[in-house]
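The values are calculated or read from the model by the stated rules, or taken from the named source; none is laboratory data. None of the values given here were measured: they were computed from a predicted structure. FYI the Cβ positions are ideal-geometry reconstructions off the backbone, even for glycines, and counts take in every protein chain you see. In case anyone asks, the SASA skips ligands and DNA or RNA and just uses the protein heavy atoms, side chains included. Shrake-Rupley method; radii C 1.70, N 1.55, O 1.52, S 1.80 Å.
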Amino acid sequence: MGEHVLARLADTIGSAIEVEHNMEQLKKMKNQKMLRTQMSVHELHSKGKLFNTSLRKVLAKVAAKELNNDVHWKPKWPQSVKLQIGALLSTLLMKCATGTVRMVNAKDPDSPAKTAEDPAFYHAYRRVRHKKIGVIVFNPALLELLARLSKMQLSLRLLPMIVTPRPWLTWRSGGYLLHEEEVVRLQGNLEHRALVNRAAEEDKLIVVLHSPHVLGVTPWRVTVPVLEVVLECWNSGEEIAGIPPEKLEEIPPPPEDYETNMEAKKNVARQTTLWLEVDKPWQFLANCMELKAALSSDDPLQFASRMHIHQDGTCNGLQHYAALGGDVLGAQHVNLVPSDRPADVYSGVANQVRALVQRAAEAGLREAILIKNHVTRKLVKQLVMTNTYGVTFVGAKDQVNSRP
């Protein structure tokens, strides 16, 4: 049965109302000055005139002054206000959203069916980690109705931009032209906010903000043929290439000729299901389509391909730690500095672990004796990668236990 956490739903509704309110406020004359300032900066940015660091510093101070000026309207609601508005509207929705439900007597199917008004949503509680959490539960009849409608219809609040986004002059102003976002996720942490504000006042964010600026001006587009296959796979309701099935229930194993007949039955796999058997099916499919387009062109050698060139890092988490901390030795292990041959941090960690285990085994530790011949690069790789992303001791233990 579908359900949604009430607090999260209230925040989503409140945020949507905030956006609508902001759009109305921008139409008022008293806020036109701020809007004109933003558009002037955006024009400079679009013409490539904001790469000058001195000019960026000046404009960043202007933008910061506009954000902190009490005379002008500031497009940011407190979290408490958004939650209260969202909770009120969701309550009103539950009161007025009803539907006619047809009820059949299971013991006497031939008897006339009865109808009744049933709420589309209702409030309930769930226990999550020993806490009672309020949820909005969808009526099963509503879920069945939605399932019969056209699938994969997305209604997004913030869409991809078709013009150059605003430059990140401050950590609170950039990206969307008329919607305020923060480049740092604070999650209500006041100490974190104070530290970011201090860094901004000391002009320490100019270089940092250049990265989202570069990402923002890089155009991209959707690979439409691949999207069409994704939509067909999604609408089929089957579990295909990482897309979950429509109904999460235990089903019998498919017959041996399942993959052979899938195209004929569902027209999902476009001529063949071979692409489903590779490690990265969607990347593989996209590259196959691009290769086909190149070979079908008049001059394949002159075909302008827009496929991404994927480059893998060496334990990206450790690379960030080494760069942020100025750790030269760490940088050497994760290939951030020039070297005659590539470094392998996983083998380095495995060698150190083996040495520690060997010493413990020589001292007679039973556990060390049992595992001393089982410490491999493959064993430590996942542990090293996830360590920088906050893996817990229990999670690390589970990773080791899951190894054959």
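Does D312 qualify as being within 29 Å of the chain's Cα centre (by Cα), loosely packed, with under 13 Cβ neighbours inside 10 Å and at pLDDT below 90? First the steps, then the outcome.
Working: within 29 Å of the chain's Cα centre (by Cα): yes; loosely packed, with under 13 Cβ neighbours inside 10 Å: yes; at pLDDT below 90: yes.
Yes, satisfied.
For Q332, are the conditions met, namely being at pLDDT 90 or above and either open to solvent by 90 Å² or more (accessible area, probe 1.4 Å) or closer than 30 Å to L205 by Cα (or both)? Let's see the steps before the verdict.
Values: at pLDDT 90 or above: yes; either open to solvent by 90 Å² or more (accessible area, probe 1.4 Å) or closer than 30 Å to L205 by Cα (or both): yes.
Yes.
Could you say whether any residue in the stretch 169-188 is outside any loop (DSSP other than H, G, I, E, B) and open to solvent by 30 Å² or more (accessible area, probe 1.4 Å)? Full working, then the answer.
At the first step, the residues of the stretch 169-188 found to be outside any loop (DSSP other than H, G, I, E, B) are 169-170, 173-175.
Retained after the next criterion (residues that are open to solvent by 30 Å² or more (accessible area, probe 1.4 Å)): none.
No, the stretch 169-188 contains no residue that is outside any loop (DSSP other than H, G, I, E, B) and open to solvent by 30 Å² or more (accessible area, probe 1.4 Å).
Where residues in the stretch 384-395 are within 22 Å of G330 (Cα to Cα) and assigned to a helix (DSSP H, G or I), which of them is farthest from the chain's Cα centre (by Cα)?
As a first pass, look at the stretch 384-395 and keep what is within 22 Å of G330 (Cα to Cα): 384-391.
With assigned to a helix (DSSP H, G or I) added as a condition, the list becomes 384-387.
Working: V384: 23, M385: 19, T386: 18, N387: 20 Å.
Ranking the qualifying residues of the stretch 384-395, first place goes to V384.
In a loop (DSSP other than H, G, I, E, B) and over 30 Å from A293 (Cβ atoms), is that true of R341? Show your work before the answer.
Values: in a loop (DSSP other than H, G, I, E, B): yes; over 30 Å from A293 (Cβ atoms): yes.
Taking the combined requirement at face value, the residue satisfies it.
Of the numbered conditions (1) over 30 Å from E290 (Cα atoms); (2) open to solvent by 70 Å² or more (accessible area, probe 1.4 Å), G317 satisfies every one except a single condition; which is it?
Only one criterion is unmet by G317, namely (2).
Yes/no per residue for (1) in contact with a Ser or Thr (Cβ under 9 Å, 6 or more places away or on another chain); (2) over 29 Å from F284 (Cβ atoms); (3) of a type outside the set (K, R); (4) without any contact (Cβ under 8 Å) to a residue 24 or more places away in the chain:
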| residue | (1), (2), (3), (4) |
| --- | --- |
| D298 | no, no, yes, yes |
| Q332 | yes, yes, yes, yes |
| G364 | no, yes, yes, yes |
| N373 | no, yes, yes, yes |
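Would you pick out the residues in the stretch 206-245 that are crowded, with 16+ Cβ neighbours inside 10 Å and on the phi > 0 side of the Ramachandran plot?
Once the filter is applied, which keeps residues that are crowded, with 16+ Cβ neighbours inside 10 Å and on the phi > 0 side of the Ramachandran plot, the stretch 206-245 yields only A241.
Looking at the stretch 173-196, I want the residues that are closer than 23 Å to P160 by Cα and touching a residue at least 24 places away in the same chain (Cβ under 8 Å) and have a partner that is in a loop (DSSP other than H, G, I, E, B) and open to solvent by less than 70 Å² (accessible area, probe 1.4 Å) with Cβ atoms under 6 Å, at least 6 apart or on another chain. Which pairs are those?
That search, which allows pairs on different chains as well, returns G175/P165; G175/E181; E180/P75; V183/W171.
Select, from A147, A141, the only residue that is modelled with pLDDT under 75, open to solvent by 40 Å² or more (accessible area, probe 1.4 Å) and not hydroxyl-bearing (S, T, Y).
A147
Mind counting the residues in the stretch 384-398 that are within 22 Å of Q358 (Cα to Cα) and free of Cβ contacts under 8 Å to residues at least 24 places away in the same chain?
Of the stretch 384-398, the ones within 22 Å of Q358 (Cα to Cα) are 384, 396-397.
Cutting the leftovers down to free of Cβ contacts under 8 Å to residues at least 24 places away in the same chain gives us 396-397.
Going through the stretch 384-398 one residue at a time, the tally reaches 2.
Is at least one residue of the stretch 216-228 within 24 Å of E290 (Cα to Cα), modelled with pLDDT under 80, part of a loop (DSSP other than H, G, I, E, B) and aliphatic (A, V, I, L, M)? Spell out how you get there, then give the answer.
In the first step, residues of the stretch 216-228 are kept if they are within 24 Å of E290 (Cα to Cα); the result is 218-228.
Subsequent filtering for residues that are modelled with pLDDT under 80 retains none.
Looking through the stretch 216-228, none of the residues is within 24 Å of E290 (Cα to Cα), modelled with pLDDT under 80, part of a loop (DSSP other than H, G, I, E, B) and aliphatic (A, V, I, L, M).
Which pairs do you get when a residue that is farther than 14 Å from G134 by Cβ, found in the stretch 82-106, comes within reach of a residue that is modelled with pLDDT of 80 or more and of a type in the set (F, W, Y), reach meaning Cβ atoms under 9 angstrom, with the pair 6+ apart or on two chains?
Cβ pairs passing all conditions: I85/W77; L93/F121; A97/F121.
Cβ-Cβ distance below 6 Å, separation of 6 or more or different chains: which pairs start in the stretch 337-355 with a residue that is over 16 Å from K378 (Cα atoms) and end on one that is modelled with pLDDT of 90 or more and open to solvent by less than 50 Å² (accessible area, probe 1.4 Å)?
Cβ pairs passing all conditions: V337/A331.
Take the residues in the stretch 1-14 that are small (G, A, S) and surrounded by 17 or more Cβ atoms within 10 Å (Cβ to Cβ); name whichever of them is nearest to A87 (Cα to Cα). Before you say what the answer is, go through the steps one by one.
Taking the stretch 1-14 first, the residues small (G, A, S) are 2, 7, 10, 14.
So of that shortlist, the ones also surrounded by 17 or more Cβ atoms within 10 Å (Cβ to Cβ) come out as 10, 14.
Details: A10: 5, G14: 8 Å.
So the residue we want is A10.
Within the stretch 376-387, is there a residue that is farther than 28 Å from A323 by Cα and either modelled with pLDDT of 85 or more or open to solvent by 60 Å² or more (accessible area, probe 1.4 Å) (or both)?
From the stretch 376-387, those farther than 28 Å from A323 by Cα are none; that's our starting set.
Within the stretch 376-387, not a single residue is farther than 28 Å from A323 by Cα and either modelled with pLDDT of 85 or more or open to solvent by 60 Å² or more (accessible area, probe 1.4 Å) (or both).
Going through the stretch 189-205 one residue at a time, which ones are out of contact with any Ser or Thr (no Cβ under 7 Å at 6 or more places or on another chain), open to solvent by less than 50 Å² (accessible area, probe 1.4 Å) and either of a type in the set (G, A, S) or not in a helix (DSSP H, G or I) (or both)? Reasoning before the result, please.
Start the filter on the stretch 189-205 by keeping residues that are out of contact with any Ser or Thr (no Cβ under 7 Å at 6 or more places or on another chain), which leaves 189-199, 201-205.
Then keep just the ones that are open to solvent by less than 50 Å² (accessible area, probe 1.4 Å); that gives 196, 199, 205.
A199, L205 - these are the residues of the stretch 189-205 that are out of contact with any Ser or Thr (no Cβ under 7 Å at 6 or more places or on another chain), open to solvent by less than 50 Å² (accessible area, probe 1.4 Å) and either of a type in the set (G, A, S) or not in a helix (DSSP H, G or I) (or both).
Answer yes or no: is there a residue in the stretch 314-324 that is assigned to a loop (DSSP other than H, G, I, E, B) and either touching a Ser or Thr at 6+ places or on another chain (Cβ under 9 Å) or of a type outside the set (A, V, I, L, M, F, W, C) (or both).
Taking the stretch 314-324 first, the residues assigned to a loop (DSSP other than H, G, I, E, B) are 314-315.
Then keep just the ones that are either touching a Ser or Thr at 6+ places or on another chain (Cβ under 9 Å) or of a type outside the set (A, V, I, L, M, F, W, C) (or both); that gives 314-315.
Scanning the stretch 314-324 turns up at least one residue that is assigned to a loop (DSSP other than H, G, I, E, B) and either touching a Ser or Thr at 6+ places or on another chain (Cβ under 9 Å) or of a type outside the set (A, V, I, L, M, F, W, C) (or both).
Got at least one residue in the stretch 347-361 being part of a loop (DSSP other than H, G, I, E, B) and surrounded by 11 or more Cβ atoms within 10 Å (Cβ to Cβ)? Break it down into steps so the answer makes sense when it comes.
Filtering the stretch 347-361 for residues part of a loop (DSSP other than H, G, I, E, B) gives none.
There is no residue in the stretch 347-361 that is part of a loop (DSSP other than H, G, I, E, B) and surrounded by 11 or more Cβ atoms within 10 Å (Cβ to Cβ).
Of everything in the stretch 207-231, what is touching a helix residue (DSSP H, G or I) at 6+ places or on another chain (Cβ under 6 Å) and closer than 21 Å to L169 by Cβ? Give them in sequence order.
Initially, the stretch 207-231 is screened for residues touching a helix residue (DSSP H, G or I) at 6+ places or on another chain (Cβ under 6 Å), giving 223, 225-226.
Result: no residue meets the conditions.
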